[in-house]
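Working notes, structure below.
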Amino acid sequence: MLQWTSAAHGRSEYLRLRSVVDALVRVAEHPGDTRAFLGVATATAMELTRATGAAVLMAGDDGALRVASARGQMRRVGRAAFDNGQTLARACLASHQVLHSEAAMSDARIEGDARADHTLASLIATPLRFGDQVLGVLEVCSSVACAFDDIDTQAVALIGNALGGALGRQIALDDNARLLARLESALESTRARAREYQDAAYYDGLTGLPNRARFMERLDAACRRGDEAGRFAVLFLDLDGFKEVNDTHGHALGDAVLRETAAVLRSRLRAGDVIARLGGDEFVVLLDSLRDGRRDLPVIAKGLVSSLEEPRLVDGVPLRIRASVGWVLYDGRSSATALLAVADTAMYRNKRARSRSAGASTPSAPVAIERREAGGGMGG
């Protein structure tokens, strides 16, 4: 036989169900972040069921429950109480079912003293589902026994379903964000390795200067710009007596001399000039944007040699760095390879001339720089 229900009671249940639907829409459309969203969900669950407390408990990878949001009485319940079965949360998580206790104080599914300590007389717990996963539990309580009916249980279950779906999507977004961050980190590592490889391909590991390949690229680009004759020049520098430094003091000091030479060249030349180490004790410079190369090149070369010859301590050893220099002005038509070869020839011509004037002995005076331009018609 059907149970008789008054019209007023039916109308009341209809309004309650309508309130549940409206609440689910508010929960689903909430635009805030996860914390705010959980706060709205627990507040809505309490409003619909007239609960005196509510909590969202998230399950970790190890199955342990942690409190993600709590209101009312549930704020006083510690994480351990939820996790070790002193409410319905642990049993709900294990069974994947909605659980309702009208008399929690005597419910055999609940253990411990939390229900008495916090007056948890009635409880409803529902799993937070996302697909086949259970992400956690939504649990509400009342300090009054038999406080909830079937509509309350259904309302909590529906809110739990909406909350589980939203949390699952948020977790997926967070996972994607973490994946993107890892991919970006890996990409940056790849970029860093590419820069290292590029540095290895274009820069001298000992001095940090561009190497021959990089210098030739820059010189070739300068030649292809079509600058007028005399607008840039190549200066070729070779250290004197460098083999004796290595033989007498060892290669460690020889390396220190090369680094010191690079530092002196950097300090004496303009920021826009390209200084490179070709290899061994050979250095080259691309001097760009010259106003009067015929006049300025001998002065620049002599200044570099004089700066290198200043007495200094290199790794604790007092010495003077001696060098021979040759140069060539761009003639408006020659290639990068031809320019470098002529500057190299000019440097060795100056080195031989100085060696003859010094009687083929190691000079003690500063190296004299001859005011010569390169041959082959390239120096003008």
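The values are calculated or read from the model by the stated rules, or taken from the named source; none is laboratory data. Being a predicted model, the structure only gives us computed values, none of them experimental. Please note: Cβ atoms are built from the backbone with ideal geometry, for glycine as well, and neighbour counts cover all protein chains shown. Ligands, DNA and RNA are excluded from the accessible area calculation, which covers all protein heavy atoms including side chains. Shrake-Rupley method; radii C 1.70, N 1.55, O 1.52, S 1.80 Å.
Listed values, structure above:
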read-out: Some residue of region 207-217 being in a helix (DSSP H, G or I) and open to solvent by less than 30 Å² (accessible area, probe 1.4 Å); value: yes
read-out: Residue satisfying condition, being out of contact with any helix residue (DSSP H, G or I) (no Cβ under 7 Å at 6 or more places or on another chain) and in contact (Cβ under 8 Å) with a residue 40 or more places away in the chain, within set G241, G250; value: G241
read-out: Residue check, A301 open to solvent by 40 Å² or more (accessible area, probe 1.4 Å), modelled with pLDDT under 95 and out of contact with any Pro (no Cβ under 9 Å at 6 or more places or on another chain); value: no
read-out: Number of positions in region 106-141 that are over 46 Å from the mean Cα position of the chain (by Cα), within 18 Å of A80 (Cα to Cα) and of a type in the set (A, V, I, L, M); value: 5
read-out: Among (1) over 18 Å from A70 (Cβ atoms); (2) not in a loop (DSSP other than H, G, I, E, B) - the single one L138 does not satisfy; value: (1)
read-out: Residues of region 347-362 that turn out to be among the small types (G, A, S), assigned to a helix (DSSP H, G or I) and open to solvent by 20 Å² or more (accessible area, probe 1.4 Å), as a count; value: 2
read-out: D344 being within 19 Å of D220 (Cβ to Cβ) and part of a loop (DSSP other than H, G, I, E, B); value: no
read-out: Residues located in region 219-238, provided they are in contact with a Leu (Cβ under 8 Å, 6 or more places away or on another chain) and not in a helix (DSSP H, G or I); value: A229, G230, R231, F232, A233, V234, L235, F236, L237
read-out: Any pair with Cβ under 8 angstrom, 6 or more apart, that starts in region 76-98 at a residue that is in contact (Cβ under 8 Å) with a residue 12 or more places away in the chain and ends at one that is assigned to a helix (DSSP H, G or I) and acidic (D, E); value: A89/D83; R90/D83
read-out: Residues of region 294-333 that turn out to be within 26 Å of A229 (Cβ to Cβ) and either touching a helix residue (DSSP H, G or I) at 6+ places or on another chain (Cβ under 7 Å) or of a type in the set (D, E, K, R) (or both), as a count; value: 15
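For (1) at pLDDT below 85; (2) open to solvent by 80 Å² or more (accessible area, probe 1.4 Å), each residue gets a yes or a no:
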site	(1), (2)
R16	yes, no
P31	yes, yes
T34	yes, no
G39	yes, no
A54	no, no
A59	no, no
D62	no, yes
R75	no, yes
